[in-house]
Amino acid sequence: MNYLKVNEKAEKIAAAVIFALGLPRPGIQDLILWVAKSFGFQLEVVQMDLLNVPVCGLVFFNPKTRAYKIVIDKNDSKERQKFSVCHEIAHALRERELIYGFFDGNLKTEDAEERFCNRFAAAFLMPEKVFKERWKSTSKENFLIKKYLVAECFGVSKETVYYRALELGLL
């Protein structure tokens, strides 16, 4: 599967989740509650020191509690933690694909899986229509200030805003 299809799937699924939630800009807690209600498993988010692990977060399923535990790096910024939680939720949803028929294809490589989860997190945290409106309505005089203002609006990092704008063809 090429990245274009991976990106399309991630955008489509994030938009469907946002639509199902009935909120124009739902938060992480809304997503966690929706997952529990819709798929019958709980999500537990914990912060730990992951300095010796080369990731910002990880997720695993505990069959005894029927819950996914999402571990995020307590040393990361709040914005990075928010993105990591959403990214790890995407992994949990992908793992359930065969049970629930949530997806219509396989992401044959680890890179494609990571790409999907990153794009899902970006699309959920910064819905395309709302992001484009905010991007276009924010002053263009200084690019750094524009990134800062848009990042502040969505509660994400300036780098996340840059990549979202790039992916949506705004740069």
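The values are calculated or read from the model by the stated rules, or taken from the named source; none is laboratory data. The structure displayed is predicted, hence computed values, not measured ones. Note: ideal-geometry Cβ built from the backbone for every residue, glycine included; neighbour counts use all protein chains shown.
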Is there any pair with a first residue in segment 148-171 that is in a loop (DSSP other than H, G, I, E, B) and a second that is of a type in the set (D, E, K, R) whose Cβ atoms are under 6 Å apart and which are 6 or more apart or on different chains, and what are they? Val156/Glu79; Ser157/Glu79
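Quickly run through segment 48-66 and pick out the residues that are crowded, with 16+ Cβ neighbours inside 10 Å and more than 13 Å from Glu95 (Cβ to Cβ). Talk me through it step by step, then tell me what you get.
Going residue by residue through segment 48-66, those that are crowded, with 16+ Cβ neighbours inside 10 Å are 50, 56-59.
Once the filter is applied, which keeps residues that are crowded, with 16+ Cβ neighbours inside 10 Å and more than 13 Å from Glu95 (Cβ to Cβ), segment 48-66 yields Leu50, Cys56, Gly57.
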Mind telling me which of the residues Leu23, Leu50 ends up being outside any helix (DSSP H, G or I), over 18 Å from the mean Cα position of the chain (by Cα) and not polar (S, T, N, Q)? Leu50
With the first residue restricted to segment 112-140 and required to be in contact (Cβ under 8 Å) with a residue 24 or more places away in the chain, and the second required to be of a type in the set (Ser, Thr, Tyr), Cβ contacts under 6 Å at 6 or more apart or on different chains are Arg115/Tyr3
Just name the residue that is nearest to the chain's Cα centre (by Cα) out of those in segment 60-80 that are of a type outside the set (S, T, N, Q) and at pLDDT below 90. Phe60
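Could you list all residues from segment 13-26 that are surrounded by fewer than 14 Cβ atoms within 10 Å (Cβ to Cβ) and either without any contact (Cβ under 8 Å) to a residue 24 or more places away in the chain or not assigned by TED's automatic domain parsing to the domain that holds Phe83 (or both)? I'd like the intermediate steps shown before the answer.
Kept after step one, since they are surrounded by fewer than 14 Cβ atoms within 10 Å (Cβ to Cβ), are these residues of segment 13-26: 16, 19-20, 22-24.
Passing the criteria: Ala16, Phe19, Ala20, Gly22, Leu23.
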